[in-house]
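Every read-out reported here was derived from the displayed coordinates using simple, explicitly stated rules and does not represent laboratory data. Please read all numbers here as calculations on a predicted model, not as lab measurements. Note: ideal-geometry Cβ built from the backbone for every residue, glycine included; neighbour counts use all protein chains shown.
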Amino acid sequence: MGRLLLLALAVLVLVWLVRRALRGRQAGAPPAAGSAAELVACAHCGLLVPRGEARVADGGLYCSDAHARLGPRRP
Ligand SMILES: [Zn+2]
């Protein structure tokens, strides 16, 4: 099961990288800020969530209300 999860994560990261590369190639196009489908990383745990579902707190984006309360992960 752990291996499957790792594979799913790898695919997710790959898709994200490809999408980012494709966006970067569109010269002059502004970054898709405001796009609800864009994936953003939780400032606490790093989980990728659609921007439309992310919680915003203190200028950071979080995957859940719980992590929004906890705030950014400290090093
Ligand atoms: Zn989180």
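Observations on the structure shown:
- Packing-based ranking, highest mean first, of 2-8, 46-52 given that Cβ atoms within 10 Å are counted: 46-52, 2-8
- Hz values of 3J(HN,Hα) by residue in the stretch 38-46 - Karplus curve (6.51, -1.76, 1.60), Gly and Pro given as x: 5, 8, 10, 8, 4, 5, 9, 10, x
- Working note: Karplus 6.51/-1.76/1.60 with θ = phi - 60° gives the stretch 61-75 the couplings 10, 9, 7, 8, 4, 4, 6, 5, 5, 6, x, x, 5, 7, x Hz, where Gly and Pro are set to x.
- For the stretch 5-16, 3J(HN,Hα) per residue [Karplus equation, 6.51 cos²θ - 1.76 cosθ + 1.60, θ = phi - 60°, Hz, x = Gly/Pro]: 4, 4, 5, 4, 5, 4, 5, 4, 5, 4, 4, 5
- Between the amide H of residue 57 and those of 62, distances stay under 5 Å, these residues lying 5 or more places away or on another chain, with hydrogens modeled in the peptide plane.
- Taking amide H positions as modeled 1.01 Å from N, with prolines and chain starts lacking one, the residues under 5 Å from residue 38 and 5 or more places away or on another chain are 51, 52.
- Under-5 Å amide H pairs with residue 48, H placed in peptide plane, nonlocal only: 42
- Once the Cα-Cα distance is subtracted from the 0.36 nm per residue extended length, the residue 9 to residue 64 segment shows a gain of 17.9 nm.
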